[in-house]
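I have placed the structure first, in the form of C-alpha cells, so that the comments after it can refer back to it.
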Amino acid sequence: MKRFVRQNYIGEGGYVFAQSPEEIARQSGLSRVARLASNENPLPPPASVVEAGLSALREGNRYPEARPAALIDALRRHHGDYSFIIGNGMDGVIETVVRTVVSPGDRVVVSTPTFSFYGLAAEAQGGVVVPVPRAADFSVDAGAFVDACRGAKIAFLCSPNNPTGNALSVEAVREILDGIDCLLFLDNAYVEFSGLDYRPLMDEYDTLIEGRTMSKAYSLAGLRFGYAFVPAGLLSYLNRAATPFSVNTVALAAAGAALADQGHIDQTVAHVRRWRERFLAEIDRPVSPSDANFVLVDVAPMTGDEATARLAKKGVIVRSCRSFSGLADHYIRVSVGSEQENELFLEEINRL
Ligand SMILES: *Cc1c(COP(=O)(O)O)cnc(C)c1O
C-alpha cells in the first residue's frame, strides 16, 4: 500500500501525542495518574456549558450551521467588532489558513522550538518550512525572523510559546509586523494565562491572524473548538477553503456558553498563576518563567525521555520535549494540573 502514500506520511515524523493515562496506569500499577502532558484544564467544563452541549445533542440529526451566526455574534460581543473564522480546534483553523495561502514551494517561516503542527500543515500543502531558532533564553530574534520572512507567504509565531512558556510583548510583535510583508499567524492558545492583549494589533495590521482555542483555559479540549481573528479582506477566501461543517453542533453550543462564563476563566487563571509560581520556586531544577499553564523544566543530566519514563513509573505523565525540533533533549514540559496532581508531581520530580 505504501506506493500509494505521499512521502510526507512515510517514515519518521508526524504529530506526537501524549502517552495515554490508561496505558500509564496499567504499566505503573497505580489507579490514579497525574495527567500533566497536554496542557489541558484539570477542571471539567462548567454546568452551563454541559447543559448547552446536551441540548444541542438533541438536534444531532441536523447539520450544523455552516457559518454559525449566533456564535460569531457571541465572539463579537466578547471581543469586539472583528472578523472570525472557526474550526475543529485551532488545529483546524491552522489547516484552513495554510490551505488558503500555501502553494507547493511557498516558504513558510516558523519560530522554533514551537508547536509542531504549523510545519506539518504547511508541508501537507507542499510548503517549504523555514525554521528561525530562538535565542538561548528563548526570546525571538526579531531581526532574524524578519529577514527570514522575505519572500515568504506566511509566518508562525506562538505567544506564549509552546513549549518554552514565554511571551512576546505587544510591542515586540508590532516591530515584527512592521518589518514583514507576509501574513503573520500569531498563535494565542495560552494568551488567557498571560495578561497580554494582542487584539488591538488587529486594528493596525491587515496581515495579522490571531489564533485562539477553547482547549486550554476553557476546558473544552475534547470538543475541538478553535477560532481566529482574521483580516476582513481574507475572510471570504478562508471560508471558501475551509472543510464544510468542520465544527459540530455540540461544540458550537458549548463554545457559545463557555464564552459567557468569565468566572470559569478567572478561577482557572488564578489557579494556574499560583501553581506556576510554586513550580518555579519549588522544583529543584532550572524552570523557565512561564506566561502559560505549563512550565519547561531542564532535567539535565537526564534526557527528557528518561525523566518522562521515570515519572510515568510513579504515575505522573509529563511531556518529553525531545520531539520539539530546535530544542536540546534535556527538557520536559509540565502542565499545571489539579492540586493533587501538582503536589504528586512536585514530590516525584524532586526525588528523581
Ligand atoms: C494546544 C495548542 C493548539 C491547538 O489547540 P486545539 O486543541 O487544536 O484547539 C494550538 N497551538 C498551540 C501552541 C497549542 O499548544
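The values are calculated or read from the model by the stated rules, or taken from the named source; none is laboratory data. If you're wondering where the values come from, they're calculated on a predicted model, not measured in any experiment. Because the Cβ atoms are built from the backbone with ideal geometry, glycine has one as well, and the counts that use them run over all protein chains shown. Surface areas here come from the heavy atoms of the whole protein model, side chains and all, with no ligands, DNA or RNA. Shrake-Rupley method; radii C 1.70, N 1.55, O 1.52, S 1.80 Å.
Quick check: is even one residue across segment 30-51 over 25 Å from the mean Cα position of the chain (by Cα), free of Cβ contacts under 8 Å to residues at least 24 places away in the same chain, farther than 30 Å from ARG240 by Cα and in a helix (DSSP H, G or I)?
No: segment 30-51 contains no residue that is over 25 Å from the mean Cα position of the chain (by Cα), free of Cβ contacts under 8 Å to residues at least 24 places away in the same chain, farther than 30 Å from ARG240 by Cα and in a helix (DSSP H, G or I).
Within segment 208-234, residues that are assigned to a helix (DSSP H, G or I) reach partners that are more than 12 Å from the ligand (Cβ to nearest atom) with beta carbons closer than 7 Å, at six or more positions or on different chains, in the pairs LEU223/VAL250; LEU223/ALA254; ALA232/SER83; GLY233/ASP206.
When SER288 is tested against (1) open to solvent by 30 Å² or more (accessible area, probe 1.4 Å); (2) in contact with a Gly (Cβ under 9 Å, 6 or more places away or on another chain); (3) hydroxyl-bearing (Ser, Thr, Tyr), exactly one condition is not met: (1).
Quick check on VAL295: is it more than 17 Å from GLU192 (Cβ to Cβ), open to solvent by less than 50 Å² (accessible area, probe 1.4 Å) and modelled with pLDDT of 95 or more?
Working: more than 17 Å from GLU192 (Cβ to Cβ): no; open to solvent by less than 50 Å² (accessible area, probe 1.4 Å): yes; modelled with pLDDT of 95 or more: yes.
Against the criterion (more than 17 Å from GLU192 (Cβ to Cβ), open to solvent by less than 50 Å² (accessible area, probe 1.4 Å) and modelled with pLDDT of 95 or more), VAL295 does not qualify.
A count restricted to segment 200-222 and to residues that are in contact with a strand residue (DSSP E or B) (Cβ under 7 Å, 6 or more places away or on another chain) and either under 15 Å from ASP178 (Cα atoms) or among the basic types (Lys, Arg) (or both) stands at 6.
If only residues of segment 100-129 that are touching a strand residue (DSSP E or B) at 6+ places or on another chain (Cβ under 8 Å) and of a type in the set (Phe, Trp, Tyr) are counted, the one that is nearest to the ligand (Cβ to nearest atom) is PHE115.
Only residues that are within 16 Å of the ligand (Cβ to nearest atom) and over 21 Å from the mean Cα position of the chain (by Cα) were counted across segment 221-249, and they come to 0.
Just to be sure I understand, how many residues within segment 128-154 are over 30 Å from PRO286 (Cα atoms) and either free of Cβ contacts under 8 Å to residues at least 40 places away in the same chain or not in a loop (DSSP other than H, G, I, E, B) (or both)?
Within segment 128-154, residues that are over 30 Å from PRO286 (Cα atoms) and either free of Cβ contacts under 8 Å to residues at least 40 places away in the same chain or not in a loop (DSSP other than H, G, I, E, B) (or both) number 7.
In segment 285-293, is there at least one residue being closer than 23 Å to ALA136 by Cα and over 23 Å from the mean Cα position of the chain (by Cα)? Let's see the steps before the verdict.
Initial filter on segment 285-293 (closer than 23 Å to ALA136 by Cα): 285-293.
Those left that are additionally over 23 Å from the mean Cα position of the chain (by Cα): 285-286.
Within segment 285-293, one or more residues are closer than 23 Å to ALA136 by Cα and over 23 Å from the mean Cα position of the chain (by Cα).
For segment 20-27, check the following and say yes or no: at least one residue is in contact with a Gly (Cβ under 9 Å, 6 or more places away or on another chain) and within 21 Å of GLY256 (Cβ to Cβ). Scanning segment 20-27, I find no residue that is in contact with a Gly (Cβ under 9 Å, 6 or more places away or on another chain) and within 21 Å of GLY256 (Cβ to Cβ), so the answer is no. Residue-level analysis places PHE185 among those that are touching a Phe, Trp or Tyr at 6+ places or on another chain (Cβ under 9 Å), within 15 Å of the ligand (Cβ to nearest atom) and not aliphatic (A, V, I, L, M).
A search for C-beta distances below 8 Å between a residue of segment 87-99 that is at negative phi and assigned to a helix (DSSP H, G or I) and any residue that is near the ligand (Cβ under 8 Å from one of its atoms) and polar (S, T, N, Q), counting only pairs 6+ apart in sequence or on different chains, returns MET90/THR213; MET90/SER215.
Let's see how each residue does on (1) aromatic (Phe, Trp, Tyr); (2) away from the ligand (no atom under 13 Å from the Cβ); (3) crowded, with 24+ Cβ neighbours inside 10 Å; (4) closer than 29 Å to HIS330 by Cβ:
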position: GLU171; (1), (2), (3), (4): no, yes, no, no
position: ILE180; (1), (2), (3), (4): no, yes, no, no
position: TYR190; (1), (2), (3), (4): yes, no, yes, yes
position: GLY195; (1), (2), (3), (4): no, yes, no, no
position: MET202; (1), (2), (3), (4): no, yes, no, no
position: THR213; (1), (2), (3), (4): no, no, yes, yes
position: SER219; (1), (2), (3), (4): no, no, no, no
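In segment 52-83, the qualifying residues are those that are free of Cβ contacts under 8 Å to residues at least 24 places away in the same chain and within 23 Å of the chain's Cα centre (by Cα), and the one that is least open to solvent (accessible area, probe 1.4 Å) is ILE72.
Within segment 6-29, restricting attention to residues that are aromatic (Phe, Trp, Tyr) and either open to solvent by less than 50 Å² (accessible area, probe 1.4 Å) or in a loop (DSSP other than H, G, I, E, B) (or both), which residue is farthest from ALA217 (Cα to Cα)? The residue in question is TYR15. Of the residues making up segment 130-155, those that are over 21 Å from VAL170 (Cα atoms) and either touching a Lys or Arg at 6+ places or on another chain (Cβ under 8 Å) or within 16 Å of the ligand (Cβ to nearest atom) (or both) are VAL130, PRO131, GLY151, ALA152, LYS153. Annotation: GLY105 fulfils all but one of (1) farther than 25 Å from LEU235 by Cβ; (2) more than 15 Å from the chain's Cα centre (by Cα); (3) open to solvent by less than 10 Å² (accessible area, probe 1.4 Å); the unmet one is (3).
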